[in-house]
2 protein chains.
Amino acid sequence: MPATPHVEKHFTAAATVRDVVIGMSDGLTVPFALTAGLSGAVGSTAVIVTAGFAEMAAGAIAMGLGGYLAGRTDVEHFEAERARETQETQRVPDLEREEVATVFRSYGLNPAEAAPVIAAITADRERWVDFMMRFELGLERPEPARARTSALTIALSYVAGGLIPLSPYLVMPNIQAALLASVGVTMIALFVFGYVKGTFTGLRPLRSAVQTVLIGGVAAAVAFAIARLIG
Amino acid sequence: MPATPHVEKHFTAAATVRDVVIGMSDGLTVPFALTAGLSGAVGSTAVIVTAGFAEMAAGAIAMGLGGYLAGRTDVEHFEAERARETQETQRVPDLEREEVATVFRSYGLNPAEAAPVIAAITADRERWVDFMMRFELGLERPEPARARTSALTIALSYVAGGLIPLSPYLVMPNIQAALLASVGVTMIALFVFGYVKGTFTGLRPLRSAVQTVLIGGVAAAVAFAIARLIG
């Protein structure tokens with residue numbers, strides 16, 4: 001497959017960071033918003049802790065297994081498309097050769113310049129199909145082992161995130177005090193998480209930190225309002 | 001940009017399907033698992049409904065805004081990488097030209113065949129950078145308008161999913177009966193959703209349906225066990 005080791009490594013690191021970001025941003029936000037919402041509507045920290053941990057388990061499993069299946073689907077999708085492309089180079093080679101030519105025409109090559117390139121690429125079926133996968137479909141071969149790692153990373157990040165807003169309700173019997181402490185530690189955690197996320201993804205860290213705090217704040221405020229209205 | 005309209009259309013449809021899948025699979029699963037978990041631990045449907053709606057709001061906002069920011073990040077990441085590549089073709093043109101040559105060498109072209117292709121691609125800076133973006137970095141230009149559409153699609157799909165497991169608790173005063181009804185309608189919804197998802201993503205629909213039901217079932221069972229243990 002025509003990709004340098006440098007590129008592959010870049011993608012793997014990015015994928016892990018992405019999984020941590022996916023799991024932790026929801027893990028910090030949803031259990032926080034749910035428990036904050038409930039604290040305005042129910043009278044017992046026991047119910048809030050129960051709901052918070054039930055949500056954390058449900059969210060971690062749903063997102064983790066979801067990530068696992070998404071990873072498996074990527075692998076299967078790639079293999080299915082690759083098999084289809086391979087068949088097409090056998091069934092309608094002229095059409096597929098013309099698709100290679102179209103790519104090079106779009107880069108400004110004239111037919112005489114393009115001819116040897118097309119001949120070289122289509123001389124080897126593996127190479128030909130690799131080229132079509134990348135150029136026609138924009139698909140990279142996914143790593144088969146990623147699905148499992150991805151699932152675990154997402155689920156553990158969700159739990160790690162969720163424990164932060166829940167911890168005050170575990171140790172403080174007074175709901176009002178626990179809510180304030182939960183808001184405090186979660187806002188700090190969202191800020192730090194957003195800042196680090198920004199550094200990793202190449203955005204301005206401070207803007208990323210503020211955005212992350214805002215998402216958590218808006219989600220919690222709406223959950224609070226809705227719980228108050230219903231409860 | 002060297003991409004056929006056919007390819008662009010394929011990607012947009014896939015992105016919308018992906019957003020619905022992201023929102024609805026979590027929307028069907030997490031509120032279902034949370035309310036099922038709570039129904040084994042608390043004695044009032046009012047608390048379950050409050051927690052369910054607070055979770056639905058928190059989840060929809062967290063996922064929707066998260067999707068919005070992810071979309072914006074994709075656009076900014078692409079623009080930043082593109083600016084960097086453009087600079088590199090100006091600062092170290094020989095190195096960048098060599099990277100184009102490496103790509104064609106990996107497809108089996110000899111230097112004499114590759115020379116005119118490299119010359120044609122590097123003759124136009126836009127084309128050159130487009131080529132590097134796609135081949136060296138594997139990046140496609142994201143649609144700028146997608147972030148907002150993506151956010152709305154994810155959030156609404158989450159709410160649409162969440163209303164299904166919550167509805168029995170709204171109309172049935174008996175917790176045990178509401179739980180059974182919620183399990184019933186949600187399992188059916190997960191099955192249908194998984195089946196349709198499988199059809200869209202090109203997987204075997206029945207397998208997709210069973211997997212989706214299993215994720216919801218496992219998440220709900222663990223949430224139920226945890227809520228029972230704590231509550």
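Compute the FRET efficiency between A:Q87 and B:A14 as 1/(1 + (r/R0)^6), taking r as their Cβ-Cβ distance and R0 = 22 Å, and round to the nearest 0.05. Once rounded, the FRET efficiency stands at 0.55. Taking the Cα centre of the protein assembly as shown as origin and assigning +1 to Lys and Arg Cβ atoms and -1 to Asp and Glu Cβ atoms, the resulting dipole is close to 1380 debye. Put a plus charge on the Cβ of each Lys and Arg, a minus charge on the Cβ of each Asp and Glu, and nothing anywhere else: the dipole of the stretch A:1-139 about its Cα centre is then about 320 debye.
Hey, how many Å between the Cα centroid of the stretch A:181-199 and the Cα centroid of the stretch B:181-195? A separation of 36 Å, based on Cα centres. Applied to the stretch A:214-231, the Karplus parametrisation 6.51 cos²θ - 1.76 cosθ + 1.60 on θ = phi - 60° returns per-residue 3J(HN,Hα) values of 4, 4, x, x, 5, 4, 5, 4, 5, 4, 4, 4, 5, 4, 4, 4, 7, x Hz, with x for Gly and Pro. For A:I188, the point set 7 Å out from Cα toward Cβ sits 5.0 nm from its twins in the other copies, listed from shortest up.
In the protein assembly as shown, the inverse of the mean reciprocal separation of distinct Cα atoms equals 23.8 Å; this is its Kirkwood hydrodynamic radius. Calculated mean residue ellipticity, 222 nm, chain A: -30500 deg cm²/dmol, from DSSP H runs (n ≥ 4) at -39500 (n - 2.57) each, averaged per residue and rounded to 500.
For chain B, the longest principal axis of the C-alpha atoms and the axis of helix B:45-91 are separated by about 0°. Once Rg and the Kirkwood radius are both taken over the C-alpha atoms of chain A, their ratio Rg/Rh works out to 1.19. Working note: Karplus 6.51/-1.76/1.60 with θ = phi - 60° gives the stretch A:128-143 the couplings 4, 5, 3, 4, 4, 4, 6, 8, 7, 9, x, 9, 9, 5, x, 6 Hz, where Gly and Pro are set to x.
Here the stretch B:162-231 has an Rg and Dmax of 13.9, 42 Å, counting Cα atoms alone. From the largest down, the stretch A:13-128 spans 79, 28, 24 angstrom on the principal axes of its Cα atoms.
Relative to the longest principal axis of the Cα atoms of chain A, the long axis of helix A:111-123 lies at roughly 70 degrees. Taking the longest Cα principal axis of chain A as reference, the axis of helix A:146-171 is set at about 10 degrees.
No lab work stands behind these numbers, since they all come straight from the coordinates. All of these numbers come straight from a predicted model, not from anything done at the bench. Neighbour counts run over all protein chains shown; Cβ positions are idealised from the backbone, glycine included.
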